[in-house]
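Colleague: Okay, handing you the structure first.
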Amino acid sequence: MADIEADLSELDLPIHWFLDQPAGTGAPETGNNWPNRLAVRALCDRRIDCTFVGPRYQFPFYTHEDGFQDPIHTSSLGKVLLGEVFGSAMAAVYRGDEWKPVAVTSAQRDAQQIMLQFSGPVMLVPEILPRQPEEVGILHGFYASRTRVTRVSVPGPDRVLVETEDPAREICYAFRGSDKIIRNGTVDHADAYALGRGDLVEADAFDSLLLPGTVQHKFVAGFQVIFDADGRPKTG
């Protein structure tokens, strides 16, 4: 970012960054728990000249002519939808409005239950994105290390309750590594969407102007919460 700002300094124009959270999986096809996926949002939270637009996992990926699904590059349809979301974010900032995707504001673990508090209303909508290959212990995009997620519910407009078989050391959403997605020597994505996606969206959505009949849902970005021995989230 600093290099680009330095190159553009001669123009003497203000620069505002719009960043999103990448989707897909790494080259070894072992998941998408890359620290830089979380760092994008953390950077935007620290800079007044940077807006976090949202995640990318809800947009379809490119499928090659031989049927191979690209694990990370968005299709032409996905680019149209993604571009419209970026345009909406830019228009909001230009108008002086706030564009701030919902995020986890607090978390508390009590035995096998984890209560997540969000900065705004959220909903579970499993019918929007195609189902992923079944993996035991992963539900609606939620994954708990060293145990299984057994139930996910929304007990309040801005709260999500995640239940696990055993007390979880961490809880992740749309952010996980996996050694189970390689089957018979090939990657089984089941469809042309990102591995490690989820079903959590903000309560508000908007109709696409570019693709009539399409609703643009604001999906919640991937996140990770690590707990200490007392069930409190670690900081720093």
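Colleague: Could you tell me whether any residue of segment 80-87 is touching a residue at least 12 places away in the same chain (Cβ under 8 Å) and more than 20 Å from Gln216 (Cβ to Cβ)?
Modeller: No - not one qualifying residue is present in segment 80-87.
Colleague: Yes or no: segment 94-115 includes at least one residue that is modelled with pLDDT under 85 and farther than 26 Å from Phe206 by Cβ.
Modeller: Step one: list which residues in segment 94-115 are modelled with pLDDT under 85, which gives none.
Within segment 94-115 (the criterion being modelled with pLDDT under 85 and farther than 26 Å from Phe206 by Cβ), the answer is no, since none of the residues qualifies.
Colleague: Please go through segment 191-216 and pick out each residue that is in contact with a helix residue (DSSP H, G or I) (Cβ under 8 Å, 6 or more places away or on another chain) and more than 24 Å from Phe118 (Cα to Cα). Even if it seems obvious, please write down each step before you answer.
Modeller: Within segment 191-216, the subset in contact with a helix residue (DSSP H, G or I) (Cβ under 8 Å, 6 or more places away or on another chain) is 206, 208-211, 214, 216.
Ser208, Leu209, Leu210, Leu211, Thr214, listed by residue number.
Colleague: Go through (1) of a type outside the set (Gly, Ala, Ser); (2) assigned to a loop (DSSP other than H, G, I, E, B); (3) without any contact (Cβ under 8 Å) to a residue 40 or more places away in the chain for Ile128 and report which single condition fails.
Modeller: (3)
Colleague: Cβ-Cβ under 6 Å, sequence separation 6+ or interchain: first residue in segment 152-172 and under 21 Å from Lys234 (Cβ atoms), partner of a type in the set (Phe, Trp, Tyr). Which pairs?
Modeller: Filtered contacts from segment 152-172: Val162/Phe142; Cys172/Tyr143.
Colleague: Continuing with this model, one more query. Leu19 passes all but one of (1) in contact (Cβ under 8 Å) with a residue 40 or more places away in the chain; (2) assigned to a strand (DSSP E or B); which number fails?
Modeller: Single failed check for Leu19: (1).
Colleague: I need the strands (runs of 3 or more DSSP E) fully contained in segment 45-91, keeping only those with at least 2 residues that are closer than 19 Å to Ala174 by Cβ.
Modeller: Numbers: elements: 50-55, 61-63, 69-74.
So the answer is 50-55, 69-74.
Colleague: Looking at Ala168, Ala221, which is the one that is in a loop (DSSP other than H, G, I, E, B) and at pLDDT 95 or above?
Modeller: Working: Ala168 fails: at pLDDT 95 or above.
The conditions single out Ala221.
Colleague: Got a number for residues in segment 89-144 being of a type in the set (Val, Ile, Thr) and over 16 Å from the mean Cα position of the chain (by Cα)?
Modeller: Qualifying residue count, segment 89-144: 3.
The values are calculated or read from the model by the stated rules, or taken from the named source; none is laboratory data. Please read these numbers as outputs of a predicted model, since none were measured by experiment. When we count neighbours, we look across all protein chains shown, and the Cβ atoms used for this are built from the backbone with ideal geometry, even at glycine.
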